[in-house]
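The values are calculated or read from the model by the stated rules, or taken from the named source; none is laboratory data. All values derive from a computational prediction rather than experimental measurement. Here the Cβ is made from the backbone with ideal geometry for all residues, glycine too, and neighbour counts use every protein chain on show.
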Amino acid sequence: MPIISNATISSASTIQITGTNFFETGYQTTVEFGGVKADNVTIESATSIVAKWIKGVPVVPNATAPILFFEKLNTTDDMSVTHFASGQINISNALEITAASSDLTCSFSGGCPFEVSAKGLSTLMRGDPENNFITICDRKCIFQDNDSTDEKAQCLVPEVSTTYSDSNFKIAVPSEDLKTGEYFGTYVNNIAAFDDILTEDQGESSTDSGNCSIGMSFKPGHVGLIS
């Protein structure tokens, strides 16, 4: 039977497991750590296995033992046979934030990349986004899987307004009085474009050049957030 004698984190994305009697062929090999299965498992020999998590070895709050098992399908009766490796070697991999984006300049509409340097954080945010996420001003930062690595997690800043913009420009306050703004353009009835009635015709354009335009200026003291 397979036995684990040692397990160590060998890089930001891999755990090296050594022992005896590892099945080299004929089995599907799986390694779990912190409840997350490794993306790739390489059997180097009957005594050595390397498990890799593409976005980093999962962060765990307490020292945890990796789980190693080998699964084979019995073709005679279509029953799978699973061999769990014995031996419990606990590994510590607590969350450690070494850096984060600072002096970030972003508009009210958000969308700017925000990075947190922490090994394994991306794996948690990718695997369970409902319970593992970054917030900015109490709003979830949108995780970016493609731009995150085993050593850093990246997310996009959500739409957010500051207390200054709220107080001075009413950016987060819905206005029911936008029609006090000024409508302009080359059409006969410019206001029709902003009344939420998609089937209403705003009339022909008054220009013959083909360069048609339409718009609205916000009332004094307001800044528009377009989304």
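Looking at (1) surrounded by 14 or more Cβ atoms within 10 Å (Cβ to Cβ); (2) at pLDDT below 90, can you tell me which one S102 breaks?
Exception for S102: condition (1).
What pairs come up if the first residue lies in region 92-105 and is touching a residue at least 60 places away in the same chain (Cβ under 8 Å), the second is aliphatic (A, V, I, L, M) and part of a loop (DSSP other than H, G, I, E, B), and their beta carbons are under 9 Å apart, counting only those six or more places apart or on different chains?
N93/V57; N93/V59; N93/V60; N93/A63
How about region 40-59: which of its residues are closer than 24 Å to L121 by Cα, out of contact with any helix residue (DSSP H, G or I) (no Cβ under 9 Å at 6 or more places or on another chain) and surrounded by fewer than 20 Cβ atoms within 10 Å (Cβ to Cβ)? Break it down into steps so the answer makes sense when it comes.
Initially, region 40-59 is screened for residues closer than 24 Å to L121 by Cα, giving 40-42, 49-59.
Those still in the list that are out of contact with any helix residue (DSSP H, G or I) (no Cβ under 9 Å at 6 or more places or on another chain) too: 40-42, 49-52.
Listed by number, the residues that qualify are N40, V41, T42, V50, K52.
Could you tell me which of the residues G56, G111 is assigned by TED's automatic domain parsing to the domain that holds Y27, of a type in the set (G, A, S) and part of a loop (DSSP other than H, G, I, E, B)?
G56
I need every pair where a residue in region 1-16 that is in contact (Cβ under 8 Å) with a residue 60 or more places away in the chain has its Cβ under 6 Å from the Cβ of a residue that is in a strand (DSSP E or B) and among the charged types (D, E, K, R), sequence separation at least 6 or different chains.
Taking only residues 6 or more apart or on different chains, the pairs are S13/K52.
From the set of residues in region 13-39 that are crowded, with 16+ Cβ neighbours inside 10 Å and small (G, A, S), which is modelled with the lowest pLDDT?
If we take residues in region 13-39 being crowded, with 16+ Cβ neighbours inside 10 Å and small (G, A, S), then G34 is modelled with the lowest pLDDT.
Within region 37-71, count every residue that is more than 16 Å from I9 (Cβ to Cβ) and under 34 Å from the mean Cα position of the chain (by Cα).
6
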